[in-house]
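Any read-out appearing in this document is the output of simple, stated calculations on the displayed coordinates, not a laboratory observation. All of these numbers come straight from a predicted model, not from anything done at the bench. Quick reminder, even Gly has a Cβ in these numbers, built from the backbone with ideal geometry, and neighbours come from all protein chains shown.
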Amino acid sequence: MNSKIIHVSIAAPGTGKTMAAISAIPGMLGHGKKILYVAPTLALADQVFKDIRRICSSLEPIIIDSRCEGSAEANLNKMLNPKESSHLIICQHITFQKCSTKHLRDWTIIIDELPMPISLRHMAFDQVQLKRLDLIEIIDNQIKIKKNKYEDIKNEVATFNKSKSQKYNQIDTTLSPAAQDIYNAVLSKLPVFADAYHSANEKIVIRIIEEYGFFERFHMAQEVHLLSATLKGSLFDWFARANGFTYAHSNFAQSTTDNVKDVTIYPMLSDKNHCSRGVLDSVDGASNDGCKVLQSMANLIDQQLTNQEYCLMFAYKWGKNTHSRKFIQCKIDSRGLNSFTDTHCAFTAFHGNPNPLAYKSFEYIAKNYNRSTDELQNAWKFTYKLEMTLQNVFRTSLRSKTIDKPVKLYVQDNEVANFLKNMYLPNAKIDDSLAKTYKEKKKPGPTPHPEREKAITMLQAGMKQAVVARATKLDKMTICNYAKAIRQIKAGENSASSTHTLEQWL
């Protein structure tokens with residue numbers, strides 16, 4: 001057994017990966033294997049339970065999740081113990097990532113969909129608020145537990161947890177949820193950083209980096225099978241390789257065929273835009289009623305839909321104020337959502353860009369693994385934009401083998417459109433007729449001074465620098481730099497090797 005191998009089954013959503021794995025379970029149990037089936041959502045866990053019972057009514061899977069009495073993690077640890085008679089368990093990603101590794105050597109893990117390997121959280125405090133957390137201290141920008149304060153922090157967290165329980169509703173705590181998160185993180189020995197930034201009042205941003213324990217558990221398991229629509233380039237792939245894992249072909253892998261449905265993909269942003277919250281949540285300058293870009297996109301899509309058509313919409317929480325009776329708003333994590341296969345349109349509206357604070361965390365993680373920060377950033381975008389869009393659009397009739405109506409996908413931009421086409425929809429048409437420029441990409445570098453063009457024109461006309469400075473209110477050094485750039489351009493006009501423009505010099 002090589003515990004650094006993940007057996008993978010990669011195919012488009014809806015093509016039967018889950019059913020292939022479920023169908024193999026009775027035979028695996030018959031050969032003495034113990035199966036732990038790990039699903040991302042309650043909906044998918046419930047569906048797996050029903051499918052197993054339908055295929056083999058004599059099987060009694062144990063389903064463990066937050067709806068069970070007691071802690072899901074504690075319940076799973078109990079059922080994994082060889083003293084129990086359990087041989088088939090269904091749980092969620094969130095429970096598996098924290099379970100004990102003690103008894104996993106006896107279990108074959110089937111993990112449905114790519115798990116999220118990391119969580120990056122942050123919160124802002126002012127100096128006074130932070131001083132109230134007197135059980136921790138900042139050493140070299142990192143949060144540490146003060147000497148001999150470990151037990152005090154444990155007691156604070158325990159009191160907070162009791163105060164949240166109905167059994168202990170008479171207990172009060174002064175600890176905030178944000179402070180409790182910090183205390184839990186330092187107790188778990190997670191990297192917790194404090195970054196100062198300047199605003200009206202100086203703030204301290206606390207960053208928590210939490211790597212989930214999937215790979216530690218995969219390493220301890222007897223065998224691991226991953227069922228997924230994508231893998232290469234994802235966050236999961238980055239961390240799997242960083243942890244020394246390689247991939248092998250899973251016995252559950254199905255032969256795949258191209259999707260031959262009539263599919264048209266409509267990018268909603270032109271290539272002059274950069275898909276971001278700054279664009280999607282900004283006011284549409286062409287709108288007479290001042291509506292935001294996301295609403296303008298929805299209005300445009302609404303005009304394309306017939307009265308009998310409905311469109312699934314996937315957007316961040318801040319984007320869910322888009323109203324139209326033709327839109328069905330869904331959660332972004334739609335894995336396991338199979339109730340809309342009679343719907344033939346979908347609209348995805350999210351950017352996948354990491355929070356600016358995340359970049360420092362990327363640097364820390366990449367340095368820890370001696371790997372590329374750029375690759376980690378690209379993996380983040382792949383997972384939160386491309387992979388998420390793929391999963392969402394396949395909630396429509398794309399996943400149905402019997403419904404053969406045309407499918408229309410309204411997506412963020414051409415990057416997404418080309419990804420979907422190249423991944424699983426090679427016959428799809430990309431139609432740019434709805435793409436608009438709502439907010440053009442900014443050129444890199446500082447915004448030019450509004451008087452810059454006037455100053456350059458005056459200098460090119462031969463006016464003295466002091467006169468230009470007085471007329472434009474620009475400082476003398478800036479005017480000197482403009483004049484220098486103009487002289488350099490003029491000196492190079494007759495040189496064949498000179499390719500610089502005035503914009504490049506400035």
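Quick notes on this one:
- Bridgeable lysines around Lys464 (alpha carbons under 27 Å apart, same-chain partners fewer than 8 residues away excluded): Lys454, Lys473, Lys476, Lys484, Lys490.
- Net charge dipole size for the stretch 297-440 [Lys, Arg +1 and Asp, Glu -1 on Cβ; Debye, nearest 20]: 360
- Antiparallel DSSP beta bridges within the chain, percent to nearest 5: 35
- Given R0 = 41 Å, the distance between the Cβ atoms of Ile403 and Asn355 translates into a calculated FRET efficiency of 0.60.
- Karplus-derived HN-Hα couplings along the stretch 29-38 (A = 6.51, B = -1.76, C = 1.60, θ = phi - 60°), whole Hz, x at Gly and Pro: 5, x, 8, x, 7, 9, 10, 10, 9, 10
- Helix-only arithmetic for the chain: the sum of -39500 (n - 2.57) across DSSP H runs with n ≥ 4, divided by the residue total, places the mean residue ellipticity at 222 nm at -10000 deg cm²/dmol.
- Take every pair of alpha-carbon atoms less than 8 Å apart whose residues are at least six positions apart; their mean separation over the length of the chain yields a relative contact order of 18 percent.
- Dipole axis of the chain (+1 Lys, Arg; -1 Asp, Glu on Cβ), positive-most option in Leu398, His103, Gln460: Gln460
- For the stretch 269-373: rounded, prolate or oblate by the Cα gyration tensor [a/c cutoff 1.5]: oblate
- Counting beta carbons within 10 Å around each of Ile94, Ile209 and listing the fewest first gives the order Ile94, Ile209.
- For Ile62, the residues whose modelled amide H falls within less than 5 Å of its own, excluding neighbours fewer than 5 places apart on the same chain, are Leu88, Ile89, Ile90.
- Residues whose amide H comes within less than 5 Å of that of Ile136, counting only those at least five positions distant or on another chain, are Lys146 (H built at 1.01 Å from N in the peptide plane).
- Cysteines in the chain that, by Cβ-Cβ distance, have no pairing candidate under 4.7 Å: Cys56, Cys68, Cys91, Cys99, Cys275, Cys291, Cys330, Cys480
- Asn243 paired with Asn370, simple spin-label distance in nm, labels 7 Å along Cα-to-beta-carbon: 1.9
- For the stretch 464-469, backbone phi angles converted through the Karplus equation (6.51, -1.76, 1.60; θ = phi - 60°) give residue-by-residue couplings of 5, 4, 5, 5, 4, 4 Hz, Gly and Pro being listed as x.
- Listed candidates [x] 48; [y] 57; [z] 34 - label of the one calculated as percent of Cα pairs over 36 Å apart: [x]
- Farthest toward positive dipole pole in the chain [+1 Lys/Arg, -1 Asp/Glu at C-beta], among Ala469, Thr306, Ser287: Ala469
- Look at Lys454, Lys439 and count the other Cβ atoms within 10 Å of each Cβ; fewest to most, that gives Lys454, Lys439.
- Sum of side-chain charges, Val467 neighbourhood, beta-carbon under 15 Å (Lys, Arg +1; Asp, Glu -1): +3
- The simple spin-label model puts a point 7 Å past each Cα toward its Cβ; for Lys421 and Lys189 those points are separated by 5.1 nm.
- Check: the stretch 118-211 dipole with +1 on Lys, Arg Cβ and -1 on Asp, Glu Cβ, in debye: 260
- Partner lysines whose Cα lies under 20 Å from the Cα of Lys131, excluding those fewer than 8 positions away in the same chain, are identified as Lys144, Lys146, Lys147, Lys149, Lys154, Lys203.
- For the chain, with +1 on Lys and Arg beta carbons and -1 on Asp and Glu, the positive-most of Tyr482, Tyr37, Ile138 along the dipole: Tyr482
- Spatial offset of the stretch 387-409 relative to the stretch 446-466 amounts to 55 Å, using the alpha carbon center of each.
- Order of Thr396, Thr373 under a 10 Å beta carbon neighbour criterion, fewest first: Thr373, Thr396
- Straight Cα distances below 16 angstrom link Lys439 to the aspartates and glutamates Asp271, Asp281, Asp284, Asp413, with same-chain residues fewer than 8 positions distant left out.
- Cross-link pairs Lys317/Lys401; Lys232/Lys317; Lys320/Lys360; Lys320/Lys429; Lys232/Lys385; Lys50/Lys98 - those with Cα-Cα distance over 22 Å: Lys317/Lys401; Lys232/Lys317; Lys320/Lys360; Lys320/Lys429; Lys50/Lys98
- Cα centre as origin, Lys/Arg/Asp/Glu Cβ charges: the chain dipole, Debye: 640
- Nonlocal amide H pairs with Ile143, under 5 Å, H built at 1.01 Å: Val192, Phe193, Ala194
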